[in-house]
Amino acid sequence: MGLPFFKIHSLRFKLIASMISISLFIGFISMLIGVSFLYRSVVNEAGARVGQDLNVARVLYDRQIECVRLALELSASTPSLADALSSGNEAEAAGALNAVALKLNPDILGICDSQGRIIYRHTAEIQGNALNAAPNPLVVKALESQASAAGSLVMDNQELALENPELARFASIRVRENPEDAEAHPHEMTKALMVGAAAPVFSGGRLAGVIYGGFLLNKDTQIVDKIGETVFKNEKYKGRSIGTATIFYQNLRVATSVKDSSGNRAIGTFASEEVNSRVLGKGEKWTDRAKVLDEWYITAYEPLTDIMGRRVGMLYVGVLEAKYNDIRTRAISVFVKIILASAAIAIILGWLITRRIMAPVSHLIQASAEISRGNFTPDIGPISRDDIGQLQRKFLKMTTALKEREESQKAQSEIRLIQSEKQASVGKLAAGVAHEINNPLTAVLTFTHMILRRTDLPGEVRSDLETVASQTERVRRIVKSLLDFSRQSALTPESLDVNSLIQESVKLLENQALIKGVSLSFRGADDLPLFTLDHNQCQSVFINMIINALDATPSGGKISIQTRKASLENAKGVEIKITDTGTGIAPEHMDKLFDPFFTTKEVGKGTGLGLAVSAGIIQRHGGSISVHSKLGEGTVFTIWLPMADNPE
Amino acid sequence: MKILIVDDDPIIILSCRRILEAEGHELRVANTVDEGESFLVEESFDLMITDIKMPGADGFEMIRRAGKARPEMPVLVMTGYLMQETLDEGASLGVTDYIAKPFTPDELLRAIEGV
Ligand SMILES: Nc1ncnc2c1ncn2[C@@H]1O[C@H](COP(=O)(O)OP(=O)(O)OP(=O)(O)O)[C@@H](O)[C@H]1O
Ligand SMILES: [Mg+2]
């Protein structure tokens, strides 16, 4: 039992495993495609958004410049300032400037005269004319163009110190992380990145001076935080701002909302070399994922140019990639869950389906094991309605066929065994008895007949003696039959025409049939070859068959004999059919027909040895006898004899 | 006719004697093959009737010896059951005819007439 079950299960497991592996395979592929597609589209989307965010940041940055310009232009247009400047009243001019411009609260604020000499600084004393002769580029531009100028500019520490000594100290940035070319970047960066504006002041159509102002961007928080607020709505991800903004002087962060690991603004750290060369070196806009400090961001950079058109720094916004990675991880986890669920469903479905499929199959396997053990009515379970059902039906057909064959084989071999045993023992006994009886019988016959020869016997004695004689004759016949039956002599085969052999037998019995009023006909096939047969023995078979038929057929009946070529189990031969319209044979007698001494005939009429002897003879010829009979309708005896040249 | 009968069973001899003497035949009877042979050597017979199955030397041996002693003498074989083998061997020894036991007086006489 263990083996077939194991096999079934392994088949079942194979089916389930293939289902699972298919679902896992499809799931895995779709996960790979789906996740990477999703992620890429999200990242692309994020990249586009960051590009836009950078534009917004740029607008905010420019607005700061614009604010300064507007405030200064407004101050420049105050008549009191123009009057004070044209009249050289510096104190009054400063007062007029401050009244308007200080609302802006700039980091630097000052006034130049029309020659470019600085005549007022809001946050510093004027220290000698020599130093005053170095106005900043904004002023220079405003003087030259006689129009307001605004933009970014870089001031070195000394310049800034002149404007605002305190600011100059504040502006200095400690460089925290050395890039490869450490020499190029001193540890203390003292340059100041500024935004500012300068506006000319006219008095009666003549240039009376220039006012200027600006903001220091170093360590500034206002712009970058504003960007974070406006663009990213201060959105947090795991306690950190999602969006960050930075203003670079060259590639050094001077104002930023990027926090380092300890939570401080990452001022004084550098942008990556790649960004540096692409944005600062080539002046390109850059949008990609990039490492900012230790964190990956989806970033956008663009160069900042000063009012002279030199690239002096960069503007950056970036979004934490971790957020998008999270989307990826979430997507992956959703996919994995789906895959696992579908695998689980595949297992369950597989289990159910294979059970449906395999149950009948396993039944069949068990059933065939049963059959091999000799049980021809094994349980194959309910017949299913699919292809397996057909298999089951075929299987059932096969088992019934097997059963029938087995049974008939068994029955036949049993009959044959019993018959041959019976024949052998009866034959021996009969032969022995017959021989012993023959001599005394000779004496009885002799003396009875010798007495009967006498003419002087009284009538009564004669009739008694005649009875003795006739009964002795009967004994003689019985003994002869016994000896016929027991005769196991070898055949004396000769080449014979079966048809003429039968014709002879028919001739011998024609008169008997005529007397009984039974029609006896013979029709032989004309394509029969010669057969190798024992003439006398075969004739005794035919004669007995015909006599049996005659005995069974009442007057008016018919006996027909036919021969035809016929093969039996691939052996060529001849079939002889003796058909009568007689009484038929009772089914319960069928089994006994060929038994020696089985007869239904009156005592003295039949010894019951005819068919037993016939069967022996036909068997010794390698042939067979079969009977079909219907009680009240008739009987057909079929003798089959093999052709001599049959291949064994 | 002068007839020699060879059979080991006295009842057969008795039966034959009863039938044949009634017909006026002259009989010699022998219970064994040796006895039969000694008769054959001494005198000549018109016919020999012999059984086949006998203890010791059997009927075929008897016929063989008879063939030597009296080659022209016809031989009638009595046998319980006529089998092909008997017929074959008999033919090779020059048996004239056969008669199956048991027989009636008429059958025996007919067989003798036929010889
Ligand atoms: N054609 C037949 N129709 C009906 N019954 C038959 C036929 N042939 C044989 N039988 C039956 O089979 C029995 C046995 O037949 P079988 O030839 O062996 O013996 P028998 O004819 O009775 O005696 P025997 O042949 O020895 O004289 C017969 O007694 C008869 O009942
Ligand atoms: Mg019969």
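Total Å² of accessible surface buried at the A-B contact, 1.4 Å probe, nearest 100?
Protein heavy atoms only, the A-B interface buries about 2000 Å².
Take every Cα pair under 8 Å in region A:1-107 that's 6+ residues apart, average their separations, divide by the length, and report that relative contact order as a whole percent.
Reported relative contact order: 17 percent.
Given a Förster distance of 56 angstrom, what is the FRET efficiency for B:Glu89 paired with A:Ala401, based on the Cβ-Cβ distance and rounded to 0.05?
0.55
For A:Val195, A:Val627, A:Val336, give me the order by solvent-accessible area with a 1.4 Å probe, most accessible first, ignoring ligands, DNA and RNA.
A:Val336, A:Val627, A:Val195
Label points 7 Å out from Cα along the Cβ direction at A:Glu473 and A:Leu32: separation in nm?
Taking the two extended label points, one gets 10.9 nm.
By how many nm would the segment from A:Arg620 to A:Ser333 grow when fully extended, if each residue of separation counts as 0.36 nm and the alpha-carbon distance is taken off?
Taking 0.36 nm per residue and subtracting the Cα distance, the gain is 94.6 nm.
With a Förster radius of 22 Å, plug the Cβ-Cβ distance of B:Glu21 and B:Ser44 into 1/(1 + (r/R0)^6) and report the FRET value to the nearest 0.05.
It comes to 0.65.
May I ask you to give the percent of accessible area on region A:220-341 that is carbon plus sulfur, with a probe radius of 1.4 Å?
50
What does the structure give for A:435-441 when I average, per residue, the other chain Cβ atoms found within 10 Å of the residue Cβ?
6
For region A:224-316, what relative contact order do you get, as a whole percent, if you take Cα pairs closer than 8 Å and at least 6 residues apart?
About 23 percent, as a whole number.
If you place +1 on the Cβ of every Lys and Arg and -1 on the Cβ of every Asp and Glu, how big does the dipole about the Cα centre of the protein assembly as shown come out, in debye to the nearest 20?
3700
DSSP loop (so not H, G, I, E, B), at most 15 other Cβ within 10 Å: list which GluC sites (Glu not before Pro) in region B:51-115 pass both filters.
Passing both the DSSP loop test and the Cβ count: B:Glu72.
Restricting attention to region A:295-396, which trypsin sites (Lys or Arg not before Pro) occupy a DSSP loop and are surrounded by at most 10 other Cβ atoms within 10 Å?
Sparse-neighbourhood loop trypsin sites (Lys or Arg not before Pro): A:Arg373, A:Arg385.
Is region A:8-345 rounded, prolate or oblate when judged by the Cα gyration tensor, a ≥ b ≥ c being the square roots of its eigenvalues, rounded requiring a/c under 1.5 and prolate requiring a/b larger than b/c?
Prolate shape, in that a/c is at least 1.5 and a/b is the bigger ratio.
What is the distance in Å between the Cα centroid of region A:243-287 and that of region A:486-551?
Each part's Cα centre sits 126 Å from the other's.
Just the accessible area for A:His628, please: 1.4 Å probe, Å², rounded to the nearest 10?
120
Could you pull out every one of the aspartates and glutamates with an alpha carbon less than 20 Å from that of A:Lys226, ignoring same-chain neighbours closer than 8 positions?
A:Asp53, A:Asp62, A:Glu66, A:Asp107, A:Glu235, A:Asp260, A:Glu302
Based on the Cβ-Cβ distance from A:Ile347 to A:Ala322, what FRET efficiency comes out when R0 is 30 Å, to the nearest 0.05?
For A:Ile347 and A:Ala322, the calculated efficiency is 0.25.
Rounded, prolate or oblate: pick one for chain A, where a ≥ b ≥ c are the square roots of the eigenvalues of its C-alpha gyration tensor, a/c under 1.5 means rounded, and failing that, prolate if a/b is larger than b/c, else oblate.
prolate
What size of dipole, in debye to the nearest 20, comes out for region A:470-546 about its Cα centre when the only charges are +1 on Lys and Arg C-beta atoms and -1 on Asp and Glu C-beta atoms?
560
For the pairs A:Lys410/A:Lys507; A:Lys565/A:Lys605; A:Lys103/A:Lys285; A:Lys403/A:Lys592, flag any whose C-alpha to C-alpha distance is greater than 31 Å.
Among A:Lys410/A:Lys507; A:Lys565/A:Lys605; A:Lys103/A:Lys285; A:Lys403/A:Lys592, the Cα-Cα distance tops 31 Å for A:Lys410/A:Lys507; A:Lys565/A:Lys605; A:Lys103/A:Lys285.
Kindly report the accessible area of region A:491-642 per residue (heavy atoms of protein chains, probe 1.4 Å, no ligands, DNA or RNA), in Å².
Value returned for region A:491-642: 49 Å² of accessible area per residue.
Please calculate the 1.4 Å probe accessible area of A:Ser540, with all protein chains present, and give it to the nearest 10 Å².
Surface open to solvent at A:Ser540 totals about 50 Å².
What is the ratio of the Cα radius of gyration of region B:2-113 to 2.2 N^0.38 Å, with N the residue count, to two decimals?
That works out to 0.95 for region B:2-113.
Where does the protein assembly as shown land at 222 nm, in deg cm²/dmol rounded to the nearest 500, when only DSSP H runs of n ≥ 4 count, each adding -39500 (n - 2.57), divided by all residues?
Counting only the DSSP helices, I get -17500 deg cm²/dmol.
For region A:257-347, which GluC sites (Glu not before Pro) are in a loop by DSSP, counting at most 14 other Cβ atoms within 10 Å?
Sites meeting the loop and neighbour criteria: A:Glu284.
What number comes out for accessible area per residue over region A:8-345 if the probe is 1.4 Å? Units Å², please.
I get 48 Å² per residue for region A:8-345.
Once the convex hull of the C-alpha atoms of region A:451-560 is built, how many Å³ does it hold per residue, rounded to a whole number?
Given the Cα convex hull of region A:451-560, per-residue volume reads 156 Å³.
What does the charge count around A:Ile437 come to, taking other residues whose C-beta lies under 10 Å from its C-beta (Lys +1, Arg +1, Asp -1, Glu -1)?
Neighbour charge sum, excluding A:Ile437 itself: +1.
As I understand it, the dipole of chain A uses +1 on the Cβ of Lys and Arg and -1 on the Cβ of Asp and Glu, about the Cα centre. Which of A:Ser481, A:His363, A:Ile380 lies farthest toward its positive end?
The Cα lying farthest towards the positive end belongs to A:Ser481.
The values are calculated or read from the model by the stated rules, or taken from the named source; none is laboratory data. Predicted model only: the values in this text are computed from it and were never measured. Glycine gets a Cβ as well: all are built from the backbone with ideal geometry, and neighbour counts include every protein chain shown. Keep in mind that these areas ignore ligands, DNA and RNA; they rest on the heavy atoms of the full protein, side chains included. Shrake-Rupley method; radii C 1.70, N 1.55, O 1.52, S 1.80 Å.
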